[in-house]
Amino acid sequence: MLYTIKNDFLTVAVAGQGAELMSILGSDGTEYLWQGDPKYWSDRALNIFPYVARLTDGSYYMDGDFHQMNIHGIAPYRCFAVAEHTEDKLVLELVSDDETYASYPRNFAFRICYALRENNLDVTFEVENKDDKTMYFGLGGHPGFNVPLAAGKSFEDYHLRFEEPCNPLRVGFTENCFLNGQDEPFALEGDTVLALHHDMFDDDAIVLRNMGRKVTLETEGDAHSVTVTFPQMDYLGLWHWPKTDAPYICIEPWSSLPSTQDQIAVFEEQKDLISLAAGETYRNLWTIEVK
């Protein structure tokens, strides 16, 4: 099922499957969201919950018991139900059931609210702990954006610009995309700018910490841009399919990181996971602004 919200600036389409964004269309006809192509990447904007990226052997421990879970958790693989739908707002909800409980033994409601505010798309993740035990989880966004955004431009014409100067660290990953504990400084031009080139993703994703929480995809000579603001997320993933000329970039705000190489995660001990007490609700707002 496909759902649409719109205002004078944007028309946004969202699929029930995974509550995944399918289109961010500007009033001038510009499509900002990557439209999926199996040559590069079939998805468009995954929602991640309750674990970000990979678990060693697809496995983890919680409550002292052994469990298994897919990459990026449960949300991408489940159909969400409509909790609210108006002209410019959509709330989709995933409620735990026997299937989710088998891989993540907690009772919960995970809601994603998409709300338009002029040329901004506000995305709110809401997790309600409906269990009598503490929840441990990570979450994040995985939207891909078209690059270039205008005719006559190329991928290499674009850059990412952080709003404020910063000195990020690149999180160290193994060849299999697990943590290796070897974070390194990641230099930006003028402490703000990262020029794009396809081979920067030859070793897979670039994941940053200690970076600014507002970043813009832009180029000189074109008024079109995409700004992602994520004040509550501690990590930022940047990615397109490795060793290709893929015409998109994913700008991925994450609350936590994947597992360490060859170590089975223990959710109660993974310090970057969110802890949510029984009966409480967690909210995380991030925004996609297009021009």
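Checking the conditions here, which among SER275, SER255 is out of contact with any helix residue (DSSP H, G or I) (no Cβ under 7 Å at 6 or more places or on another chain), open to solvent by 60 Å² or more (accessible area, probe 1.4 Å) and of a type in the set (Gly, Ala, Ser)? Even if it seems obvious, please write down each step before you answer.
On the way: SER255 fails: open to solvent by 60 Å² or more (accessible area, probe 1.4 Å).
None of the other options fit; the residue is SER275.
Evaluate region 89-103: report whether one residue or more is under 15 Å from SER275 (Cα atoms) and open to solvent by 10 Å² or more (accessible area, probe 1.4 Å). Before you say what the answer is, go through the steps one by one.
If we filter region 89-103 for residues that are under 15 Å from SER275 (Cα atoms), which is where we start, we get none.
No: region 89-103 contains no residue that is under 15 Å from SER275 (Cα atoms) and open to solvent by 10 Å² or more (accessible area, probe 1.4 Å).
Name the residue that is farthest from LYS291 (Cα to Cα), counting only residues in region 21-42 that are loosely packed, with under 14 Cβ neighbours inside 10 Å and of a type in the set (S, T, N, Q).
Ranking the candidates gives SER42 first.
Condition check: under 16 Å from ARG161 (Cα atoms), at pLDDT 95 or above, of a type outside the set (Val, Ile, Thr) and open to solvent by less than 10 Å² (accessible area, probe 1.4 Å). Does LEU238 satisfy that?
Details: under 16 Å from ARG161 (Cα atoms): yes; at pLDDT 95 or above: yes; of a type outside the set (Val, Ile, Thr): yes; open to solvent by less than 10 Å² (accessible area, probe 1.4 Å): yes.
In short, yes.
Might you check whether a residue that is modelled with pLDDT of 95 or more, open to solvent by less than 30 Å² (accessible area, probe 1.4 Å) and under 13 Å from the mean Cα position of the chain (by Cα) occurs anywhere in region 210-229?
yes
Consider GLU189 carefully, then state whether it is over 21 Å from ILE71 (Cβ atoms) and charged (D, E, K, R). I'd like the intermediate steps shown before the answer.
On the way: over 21 Å from ILE71 (Cβ atoms): yes; charged (D, E, K, R): yes.
Here the answer is yes, as GLU189 does meet what is asked.
List pairs: first in region 117-131 and in contact (Cβ under 8 Å) with a residue 12 or more places away in the chain, second open to solvent by less than 20 Å² (accessible area, probe 1.4 Å) and charged (D, E, K, R), Cβ under 8 Å, 6+ apart or cross-chain?
Close Cβ pairs satisfying both conditions: ASN129/ARG106; ASP131/ARG106.
Criterion first (touching a strand residue (DSSP E or B) at 6+ places or on another chain (Cβ under 9 Å), in a loop (DSSP other than H, G, I, E, B) and either open to solvent by less than 10 Å² (accessible area, probe 1.4 Å) or within 30 Å of TYR3 (Cα to Cα) (or both)) does ARG111 satisfy it?
Working: touching a strand residue (DSSP E or B) at 6+ places or on another chain (Cβ under 9 Å): yes; in a loop (DSSP other than H, G, I, E, B): no; either open to solvent by less than 10 Å² (accessible area, probe 1.4 Å) or within 30 Å of TYR3 (Cα to Cα) (or both): yes.
For ARG111, the condition - touching a strand residue (DSSP E or B) at 6+ places or on another chain (Cβ under 9 Å), in a loop (DSSP other than H, G, I, E, B) and either open to solvent by less than 10 Å² (accessible area, probe 1.4 Å) or within 30 Å of TYR3 (Cα to Cα) (or both) - is not met.
How about region 215-233: which of its residues are within 23 Å of ASP183 (Cα to Cα) and touching a strand residue (DSSP E or B) at 6+ places or on another chain (Cβ under 6 Å)? Steps first, answer last, please.
At the first step, the residues of region 215-233 found to be within 23 Å of ASP183 (Cα to Cα) are 215, 230-233.
Once the filter is applied, which keeps residues that are within 23 Å of ASP183 (Cα to Cα) and touching a strand residue (DSSP E or B) at 6+ places or on another chain (Cβ under 6 Å), region 215-233 yields VAL215, PHE230, GLN232, MET233.
Six or more apart or on different chains, Cβ under 6 Å: which pairs go from a residue in region 1-29 that's at pLDDT below 95 to one that's part of a loop (DSSP other than H, G, I, E, B)? Could you list them?
Going by the 6 Å Cβ cut-off, the qualifying pairs are MET1/GLY16.
Which residues, counting only those in region 23-80, are over 18 Å from the mean Cα position of the chain (by Cα) and charged (D, E, K, R)?
Hits for region 23-80 are ASP28, GLU31, ASP37, LYS39, ASP57, ASP63, ASP65.
Based on this model, can you work out whether GLU128 counts as touching a strand residue (DSSP E or B) at 6+ places or on another chain (Cβ under 7 Å), open to solvent by less than 60 Å² (accessible area, probe 1.4 Å) and charged (D, E, K, R)?
Numbers: touching a strand residue (DSSP E or B) at 6+ places or on another chain (Cβ under 7 Å): yes; open to solvent by less than 60 Å² (accessible area, probe 1.4 Å): yes; charged (D, E, K, R): yes.
Against the criterion (touching a strand residue (DSSP E or B) at 6+ places or on another chain (Cβ under 7 Å), open to solvent by less than 60 Å² (accessible area, probe 1.4 Å) and charged (D, E, K, R)), GLU128 qualifies.
Filter region 1-20 down to the residues that are open to solvent by less than 10 Å² (accessible area, probe 1.4 Å) and either farther than 20 Å from PHE125 by Cβ or not in a loop (DSSP other than H, G, I, E, B) (or both) and list them by number. Reasoning before the result, please.
Initial filter on region 1-20 (open to solvent by less than 10 Å² (accessible area, probe 1.4 Å)): 5, 10, 12, 14, 16, 18-19.
Hits for region 1-20 are ILE5, LEU10, VAL12, VAL14.
Looking only at region 176-209, which residues are open to solvent by 20 Å² or more (accessible area, probe 1.4 Å), within 13 Å of TRP239 (Cβ to Cβ) and touching a helix residue (DSSP H, G or I) at 6+ places or on another chain (Cβ under 7 Å)?
Answer for region 176-209, where residues must be open to solvent by 20 Å² or more (accessible area, probe 1.4 Å), within 13 Å of TRP239 (Cβ to Cβ) and touching a helix residue (DSSP H, G or I) at 6+ places or on another chain (Cβ under 7 Å): just HIS198.
Would you be able to say whether some residue in region 82-101 is of a type in the set (D, E, K, R), within 20 Å of ALA15 (Cα to Cα) and assigned to a loop (DSSP other than H, G, I, E, B)? Can you show your working first?
Here is the first cut: in region 82-101, the residues of a type in the set (D, E, K, R) are 84, 87-89, 93, 97-99.
Those still in the list that are within 20 Å of ALA15 (Cα to Cα) too: 84, 87-89, 93.
Now drop any that are not assigned to a loop (DSSP other than H, G, I, E, B), which leaves 87-88.
Taking every residue of region 82-101 in turn, at least one turns out to be of a type in the set (D, E, K, R), within 20 Å of ALA15 (Cα to Cα) and assigned to a loop (DSSP other than H, G, I, E, B).
The values are calculated or read from the model by the stated rules, or taken from the named source; none is laboratory data. Keep in mind it's a predicted model, so treat the numbers as computed, not measured. Virtual Cβ from ideal backbone geometry, glycine too; neighbours counted across all protein chains shown. For the accessible areas, the whole protein counts, side chains as well, though only heavy atoms, and no ligand, DNA or RNA atoms are used. Shrake-Rupley method; radii C 1.70, N 1.55, O 1.52, S 1.80 Å.
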